[in-house]
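Right, one structure below, let's go through it.
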Amino acid sequence: MINLPGHLAIRTISGRNGDFNVGRLSTSIGEFVIKDALLDQYNEGKYRGDFVITEIRPSYYTNGGRLVVEIRAKLDSMTLDDVANLSAEEADRLSNTETDPIDEEPTGSSTTNTSRRPSPPRSSPPSRPDDEAPFGMEKSKPPADVTAHAADEELFGTIWPIGSSVRLDTTVDRQRLRQQCVRLGELGYELDFKQQTWNLPSV
């Protein structure tokens, strides 16, 4: 494990699984491709900071009939100081035809910690059939806010309730992490990239 200062260029790409981020980390010992799930929280840009690298290895995958070979670094954590817009050259180096990391994972498995997988949805009590509803009354439905609350509880799992500030668990399934980021945006949260927390703006 090594800690290096550097610049991380992140580009957002639209794929069949939704938007995802890829990065290129420039350090004193070389440049590395970053495709860790934790990048999916961040906006496109060039971030300066310190990066803890746990592994550097070659990676191979096919893309549109091409064999792509790249050197990847796996991040344990990072401390970010500031962010700037990507230059045209930096954006070009992060091709918008990159393969979504989800598509690189073996079918039916995940590279994340399986012990952190969400538990199966709780089974709801059986509802009584329509013909048992009181005469002249329609079967009742749960209020929309109750349904949304239950869906959020299932989505965020062990970090629920989220409160006014929340740090996401980046070891969960990559698709779930992306859904959590989208949902936080819908709820009005904003990412503080320095603290790596999602916060509700103070009124």
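Overview of results
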read-out: Some residue of the range 50-59 being charged (D, E, K, R), loosely packed, with under 14 Cβ neighbours inside 10 Å and farther than 21 Å from GLN195 by Cα; value: yes
read-out: Condition met for GLU90 (of a type in the set (Asp, Glu), surrounded by 14 or more Cβ atoms within 10 Å (Cβ to Cβ) and modelled with pLDDT of 55 or more); value: yes
read-out: Breaking point among (1) modelled with pLDDT under 80; (2) outside any loop (DSSP other than H, G, I, E, B); (3) more than 15 Å from THR171 (Cβ to Cβ), for THR97; value: (2)
read-out: So LEU25, is it part of a strand (DSSP E or B) and surrounded by 13 or more Cβ atoms within 10 Å (Cβ to Cβ); value: yes
read-out: Single residue of GLN180, GLN195 found to be among the polar types (S, T, N, Q), out of contact with any Lys or Arg (no Cβ under 9 Å at 6 or more places or on another chain) and either surrounded by 14 or more Cβ atoms within 10 Å (Cβ to Cβ) or under 21 Å from VAL83 (Cβ atoms) (or both); value: GLN180
read-out: In the range 13-46, residue nearest to VAL68 (Cα to Cα) [restricted to those that are touching a helix residue (DSSP H, G or I) at 6+ places or on another chain (Cβ under 9 Å), of a type in the set (S, T, N, Q) and touching a residue at least 24 places away in the same chain (Cβ under 8 Å)]; value: ASN17
read-out: Restricting the range 159-203 to residues that are in a helix (DSSP H, G or I) and hydrophobic (A, V, I, L, M, F, W, C), the residue that is farthest from PHE20 (Cα to Cα); value: ILE159
read-out: Filter result for ALA84 (outside the structural domain of CYS181 (by TED's automatic domain parsing), small (Gly, Ala, Ser) and either touching a residue at least 40 places away in the same chain (Cβ under 8 Å) or surrounded by 14 or more Cβ atoms within 10 Å (Cβ to Cβ) (or both)); value: no
read-out: Residue check for TYR47: in a strand (DSSP E or B) and more than 18 Å from GLN196 (Cβ to Cβ); value: no
read-out: Check on PHE156, aromatic (Phe, Trp, Tyr), assigned to a loop (DSSP other than H, G, I, E, B) and either surrounded by 12 or more Cβ atoms within 10 Å (Cβ to Cβ) or modelled with pLDDT under 90 (or both); value: no
read-out: Filtered residues of the range 145-180 (kept if in contact (Cβ under 8 Å) with a residue 40 or more places away in the chain and of a type in the set (A, V, I, L, M, F, W, C)); value: LEU168, VAL172, LEU177
read-out: Which listed residue, of GLY18, GLY30, is at pLDDT below 90 and of a type outside the set (Ser, Thr, Tyr); value: GLY18
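The values are calculated or read from the model by the stated rules, or taken from the named source; none is laboratory data. On a predicted model such as this, the values are computed, not experimentally measured, just so you know. Here the Cβ is made from the backbone with ideal geometry for all residues, glycine too, and neighbour counts use every protein chain on show.
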